[in-house]
Amino acid sequence: MRRKLFYLFLGILLLFLLLDPQTAFVSSKNGLNLWFQTVLPSLLPFMILSNFILAGQGIHRLLNHFSGFFRLAFGVTPSGGYALLLGLFCGYPMGAKLTADLYLAGKISRREADYLLAVSNNPSPTFLTAYLLVGTLHRPELTPLCLSAVYGGFFLTTLIFRLAGHRRSFRAGELFACELSENEYQKETSHPLPLGKRIDASIMNGFTAVTKLGGYILMFSILAGLLGKLCQGAPLLAALALGITEISTGVQQLASLPLPLPLSCSLIFACTAFGGLSIAAQASSMIQPSGLSLGPYLAGKCCCAVCTFCLCLLLFVIVL
């Protein structure tokens with residue numbers, strides 16, 4: 001069934017390319033510009049460095065001293081904290097990629113990986129401040145409110161998922177049960193690849209991953225152009241559909257609507273926190289080799305979007 005839907009999706013995009021090549025060309029160009037000017041320079045260096053760190057004992061050495069903080073604040077192991085922090089500061093879809101890499105390397109359990117998929121994929125502060133607030137909304141003065149709403153929604157999501165049952169896997173007595181013991185870890189990494197080969201493998205892995213992301217961005221940018229064409233008579237519906245599909249185009253459309261500022265910002269920040277189906281497809285591509293399910297990711301992003309929307313409205317009432 002999923003394969004049939006996928007081929008139907010590709011057929012619709014192909015038909016759109018043939019029937020409306022001008023709109024499709026503009027959409028493709030926008031998607032490639034987003035990938036080349038934003039995704040490539042912001043994510044590729046982190047992907048290469050993270051691959052190199054994961055190939056050795058970097059995570060153990062860097063984060064083992066902060067195990068208490070990660071356990072109390074987020075209910076994760078130090079390795080999970082690495083995915084959580086980089087997913088928070090590097091942006092989509094870094095959290096999903098690191099979660100899958102750590103699970104494949106045996107450094108986190110399946111339960112922790114599912115939990116991390118629900119909470120670790122988030123927009124970066126640079127995307128929020130530079131692209132969203134300055135480039136799209138032209139309201140840099142809303143930076144404190146935006147960061148509070150989006151990252152407050154993220155923190156509420158971690159609390160909700162821990163209360164829903166994930167926390168029991170990370171009690172103090174079980175915290176490192178999912179990880180390799182120190183002796184096993186040293187045995188596994190006692191014969192690492194030569195330094196030059198590790199660097200080469202990290203670079204190639206980073207380029208492969210970021211190029212794959214470019215393909216997904218391109219396809220969903222074309223889909224966003226098609227949705228915009230189909231919903232021309234209903235601007236709000238079109239903007240919401242675009243926001244759910246591809247956030248960069250969606251937030252631009254929402255920002256152009258004559259909505260009250262609290263409602264406009266709440267919808268924009270909620271769509272940004274959700275990430276869109278384009279980011280979900282990118283996350284699915286990143287986790288596919290690991291065998292992890294996309295279900296926890298989608299549940300977490302829906303929860304985060306609702307929390308961000310409600311929190312933003314509340315902050316507007318309190319602050320403004």
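The values are calculated or read from the model by the stated rules, or taken from the named source; none is laboratory data. Predicted model, so just to flag it, every value in this text is computed and none were measured. Neighbour counts run over all protein chains shown; Cβ positions are idealised from the backbone, glycine included. Side chains included, ligands, DNA and RNA excluded: accessible areas come from the protein's heavy atoms. Shrake-Rupley method; radii C 1.70, N 1.55, O 1.52, S 1.80 Å.
A few notes on this one:
- Eigenvalues of the alpha-carbon gyration tensor of the chain, scaled by 5 and square-rooted, set the equivalent ellipsoid semi-axes at 34, 24, 17 angstrom, largest first.
- Among residues other than SER293 with Cβ under 11 Å from its Cβ, the summed charge is 0 (Lys and Arg +1, Asp and Glu -1).
- DSSP-assigned coil residues among chymotrypsin sites (Phe, Trp or Tyr not before Pro) in region 192-292, each with at most 11 further Cβ atoms within 10 Å: none
- Surface composition of region 228-278: carbon and sulfur make up 70 percent of the accessible area, probe 1.4 Å.
- The alpha-carbon of LYS229 sits under 20 angstrom from the alpha-carbons of these lysines, leaving out residues fewer than 8 places away in its chain: LYS29.
- Candidates THR99, THR272, THR249: whichever shows maximal mean-square fluctuation once the chain is modelled as a Gaussian network with Cα springs under 10 Å: THR249
- Shape summary: region 234-313 maps onto an equivalent ellipsoid whose semi-axes, from the alpha-carbon gyration tensor, are 26, 14, 7 Å in decreasing order.
- Part-to-part distance (alpha-carbon centres) for region 278-320 and region 87-146, which is given in Å: 9 Å
- Folded to 0 to 90 degrees: helix 195-230 orientation relative to the chain principal axis, Cα: 20 degrees
- Cross-link table LYS107/LYS197; LYS4/LYS301; LYS97/LYS212, entries beyond 18 Å C-alpha to C-alpha: LYS107/LYS197; LYS4/LYS301
- Choice from LEU137, LEU116, LEU72 with maximal GNM fluctuation in the chain (Cα, 10 Å cutoff): LEU72
- Of ILE108, ILE53, ILE268, the residue with the greatest mean-square motion in the GNM of the chain, using alpha carbon springs below 10 Å, is ILE53.
- In the chain, helices alone account for a calculated mean residue ellipticity at 222 nm of -23000 deg cm²/dmol, with every DSSP H run of four or more residues adding -39,500 (n - 2.57).
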